[in-house]
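The values are calculated or read from the model by the stated rules, or taken from the named source; none is laboratory data. All figures in this text were calculated on a predicted structure; none of them were measured in a lab. Here Cβ is always computed from backbone atoms with ideal geometry, including for glycine, and neighbour counts include all displayed protein chains.
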Amino acid sequence: MEATQSRNQVEAELSGTMARVRLQTYEYETPSEEVRRPSQHQLALILTRRPRESRYVGRLASGRTFSIGNLIYVPASQSICGAGPGGPHQMITCAFPVGTHAALAGFERGWDDEGLTRCGNLRSEWIAESMRRLGREAVRPGFASDILIDSLAAALPVELHRLLEPQPQPRARCRGGLSPHQLRRVEQYVFDWPSGGIKVPELAGLVGLSRGHFMRAFKQSTGRTVHAFVEEARLDRAKALLCADQLPIKQIAADLGFADPSSFSLAFRRMTGIAPGRYRSAEHANNI
């Protein structure tokens, strides 16, 4: 695949002893198809809204494509091919040189499709908020910026390792639950968030189970109810939409499956303590 040209404008930059932070805008060709193989570990938070058709190919030889989220990790020396409509994308990036952090050492290897699927759509509000804080610091450095950069740069790889490294599953407790493949399929569907919202029967259908059996199996596998998991994912999606662009709140409510804007506002306030409009204003006041 041939890479199309992109133009990179660095708007702010700060470096510490372990990482380099940038606020930058990539201007991709329209449409865009590009292969990247970073020499450093790259963690990126995309601030502009990605079109749903944005995809990436992980291992080029496999030919499989995966959806791209707003929080992405590209391991050092791993080739990634991205494709989409193109256009400008503002992002905060944090680059970690190879060998600077023990938590990243295990990622300096080949990746399979399953691992790359998770890398392209990370789900961690802590990592996302830490990246926003780094971006704000790059734009307006304050007292002891170098210490702040180094402290977050030390913590981010640890959180990334915990997020991506498979955790041992006690078989006795998971009996009767979903298989790892079934659970990944449900999680990916929820994280992609289809227009109009998500219904439990749809999730059950993905793994070939009845509604009741699926709900029991999901809780047995994860320790959480389906409702709690979907609500958490919907809140993350709402925050991303409110921060990334100027979509009307009415449109965001519809995309997230709410009957009307007031229902969305009530649910958002209940989970965050603040109305959607005020949350958007507070985020935009940071100029990031």
Give segment 238-267 a look and list any residue that's within 23 Å of residue 184 (Cβ to Cβ) and surrounded by fewer than 19 Cβ atoms within 10 Å (Cβ to Cβ), or say none.
-> 257
Can you give me the number of residues within segment 224-233 that are closer than 19 Å to residue 126 by Cβ and over 13 Å from the mean Cα position of the chain (by Cα)?
-> 5
Residue among 216, 224 that alone is free of Cβ contacts under 8 Å to residues at least 60 places away in the same chain, of a type in the set (D, E, K, R) and outside any helix (DSSP H, G or I) = 224
Only residues that are of a type in the set (Val, Ile, Thr) and either at pLDDT 60 or above or within 18 Å of residue 134 (Cβ to Cβ) (or both): list them for segment 1-60, please.
-> 10, 17, 21, 25, 30, 35, 46, 48
